[in-house]
Amino acid sequence: MSAPARQIPFADLVNLLQRIFIRNGCSDTVAAALATNCASAQRDGAHSHGVFRIPGYLSTLASGWVDGRAEPVVRDVASGYVSVDAGGGFAQPALAAARELLVSKARSAGIAVLAIHNSHHFAALWPDVEPFADEGLVALSVVNSMTCVVPEGARRPLFGTNPIAFAAPCAGGAPIVFDMATSAMAHGDVQIAARKGELLADGVGVDREGRATRDPAAILDGGALLPFGGHKGSALSMMVELLAAALTGGNFSFEFDWSQHPGAKTPWTGQLIIVIDPRLAQGERFAKRARELVGQMEAVGVTRMPGERRFRERDKSARDGVSLTSEEWTQLHSLA
Ligand code: NDP
Ligand code: PYC
């Protein structure tokens, strides 16, 4: 049972995390990108990628596996194609470095792709797409991670937990955003369940012998996860490997070897972001049609849209402050 929560303003949490990242070898730019990302996840109740991840970031930085001072190199490949070499650093600063060029291409051509490689992504994916929808753009992103998912029909893990995130503007309200692992559960949530001693649902994972298990510790200790939805999730996970690694020049989830870097936790892979400007062909009609669709979904009984829980948590955090347990608060202060 956790001690009572602390509630702190979002800006204070960003500041605290930024100091921690700088103390642990990140440049100011990288620290700002990671701190904002991680604090946003905590603010939105996306706990598997909030401050829970800080020890993993720090052990990875200490192991020399990731470069916290990397300077991304942006390449203007074609009218609708931007590529970034993240230099063995994090994906978020690489996106930030290429963002302006990407958006200007999407606005002039109607669509543009950002291919990031030589990058580490240890975060939730929605922060990478949601801001595009806030600007009236549609965005889709995929990132591959580390081998821990057994493809449908296979005997051993190969794929990563490989999330897909999508964001689109919706007239008169918050954008439509979803962000989901293609595994039955995110690895972070399995770790959280193991800490709490909770059993998982059927169909989430297998133990080291390949037998179905509901025990998160058995999944983490040599076992593996399963794709969501059997062959369908497996196909989507394969697609993520192709788009995030083969297309970008990054590693497949099974390709990197971090065994010489004890403490390394961040997957060294790639990320693809596709941005579409719906206004070129549709004017404001796309956002209005999105609202129409949401209205019809509500009319048939949908009471909870993807992203809605996060937006509710965000409003609550703006009102009351971002929640941390006392242990998290103490830990962050000692690290800063
Ligand atoms: P969830 O299964 O919790 O949620 C997936 C999506 O479904 C979210 O958009 C969520 O909205 C929505 N949703 C959840 N429940 C409902 C419901 N009852 N009705 C309608 N919509 C619903 O996410 P995952 O566990 O799959 O992933 C968690 C996070 O882990 C993601 O942010 C993902 O990016 C991250 N991740 C990162 C990886 C990496 O390599 N960097 C690898 C794998 C995962 P809401 O957000 O509002 O709850
Ligand atoms: O939760 O599956 C996950 C994950 C992998 C890499 C970062 N998060």
Check Val275, Val300, Val322 and return the single one that is closer than 30 Å to Gly88 by Cβ and among the β-branched types (Val, Ile, Thr). Val275
Do you know which residues across region 297-336 are without any contact (Cβ under 8 Å) to a residue 60 or more places away in the chain and farther than 29 Å from Asn15 by Cβ? Met297, Glu298, Ala299, Val300, Gly301, Val302, Thr303, Arg304
Could you please give the count of residues in region 96-132 that are open to solvent by 30 Å² or more (accessible area, probe 1.4 Å), of a type in the set (D, E, K, R) and under 23 Å from His49 (Cα atoms)? 1
Report, by residue number, each residue of region 271-313 that is of a type outside the set (A, V, I, L, M, F, W, C), under 16 Å from Ala106 (Cβ atoms), surrounded by 13 or more Cβ atoms within 10 Å (Cβ to Cβ) and more than 25 Å from the chain's Cα centre (by Cα). Arg279
Could you tell me whether any residue of region 132-148 is over 16 Å from the mean Cα position of the chain (by Cα), within 16 Å of ligand 1 (Cβ to nearest atom) and assigned to a loop (DSSP other than H, G, I, E, B)? yes
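Would you mind finding the one in Ala174, Ala186, Ala168 that is crowded, with 22+ Cβ neighbours inside 10 Å, closer than 30 Å to Gly136 by Cβ and within 21 Å of the chain's Cα centre (by Cα)? Working first, answer last.
On the way: Ala174 fails: crowded, with 22+ Cβ neighbours inside 10 Å; Ala186 fails: crowded, with 22+ Cβ neighbours inside 10 Å.
Going through Ala174, Ala186, Ala168 in turn, just one is crowded, with 22+ Cβ neighbours inside 10 Å, closer than 30 Å to Gly136 by Cβ and within 21 Å of the chain's Cα centre (by Cα): Ala168.
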Across (1) in a loop (DSSP other than H, G, I, E, B); (2) open to solvent by less than 10 Å² (accessible area, probe 1.4 Å); (3) more than 14 Å from ligand 2 (Cβ to nearest atom), Gln260 clears everything bar (2)
Filter region 277-336 for residues that are of a type in the set (Ser, Thr, Tyr), farther than 30 Å from Leu16 by Cα and touching a helix residue (DSSP H, G or I) at 6+ places or on another chain (Cβ under 7 Å) and give the result. none
Region 204-222, subset open to solvent by 20 Å² or more (accessible area, probe 1.4 Å) and closer than 12 Å to His187 by Cα, residue nearest to ligand 2 (Cβ to nearest atom): Leu220
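Check every one of the strands (runs of 3 or more DSSP E) wholly within region 1-119 and list those with 3 or more residues that are in contact (Cβ under 8 Å) with a residue 40 or more places away in the chain and in contact with a strand residue (DSSP E or B) (Cβ under 7 Å, 6 or more places away or on another chain). Can you show your working first?
On the way: elements: 5-8, 73-78, 81-90.
Where strands (runs of 3 or more DSSP E) fall fully within region 1-119 and carry at least 3 residues being in contact (Cβ under 8 Å) with a residue 40 or more places away in the chain and in contact with a strand residue (DSSP E or B) (Cβ under 7 Å, 6 or more places away or on another chain), they are 5-8, 81-90.
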Region 241-273 - residue that is touching a helix residue (DSSP H, G or I) at 6+ places or on another chain (Cβ under 9 Å) and among the β-branched types (Val, Ile, Thr) and, of those, nearest to Gly80 (Cα to Cα): Ile273
For region 189-203, which residues satisfy the criterion of being within 11 Å of ligand 2 (Cβ to nearest atom) and open to solvent by 30 Å² or more (accessible area, probe 1.4 Å)? Asp189, Gln191, Ile192
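Residues are listed down the side, and each one gets a yes or a no for (1) within 26 Å of Ala168 (Cβ to Cβ); (2) in contact with a Leu (Cβ under 8 Å, 6 or more places away or on another chain); (3) modelled with pLDDT of 95 or more:
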site: Asn15; (1), (2), (3): no, no, yes
site: Ile20; (1), (2), (3): no, yes, yes
site: Arg23; (1), (2), (3): no, yes, yes
site: Ala32; (1), (2), (3): no, no, yes
site: Ala35; (1), (2), (3): no, yes, yes
site: Tyr81; (1), (2), (3): yes, no, yes
site: Lys105; (1), (2), (3): yes, no, yes
site: His120; (1), (2), (3): no, no, yes
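In contact with a Phe, Trp or Tyr (Cβ under 7 Å, 6 or more places away or on another chain), closer than 30 Å to Ile219 by Cα and not hydroxyl-bearing (Ser, Thr, Tyr): does that describe Phe166?
Values: in contact with a Phe, Trp or Tyr (Cβ under 7 Å, 6 or more places away or on another chain): yes; closer than 30 Å to Ile219 by Cα: yes; not hydroxyl-bearing (Ser, Thr, Tyr): yes.
In short, yes.
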Checked region 204-222 for anything more than 23 Å from the chain's Cα centre (by Cα) and part of a loop (DSSP other than H, G, I, E, B); matches are Asp207, Arg208, Glu209, Gly210, Arg211, Arg214, Asp215, Asp221, Gly222
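The values are calculated or read from the model by the stated rules, or taken from the named source; none is laboratory data. Values in this document were obtained by computation on a predicted structure and should not be read as measured data. Neighbour counts run over all protein chains shown; Cβ positions are idealised from the backbone, glycine included. Accessible surface areas use protein heavy atoms only, side chains included; no ligands, DNA or RNA. Shrake-Rupley method; radii C 1.70, N 1.55, O 1.52, S 1.80 Å.
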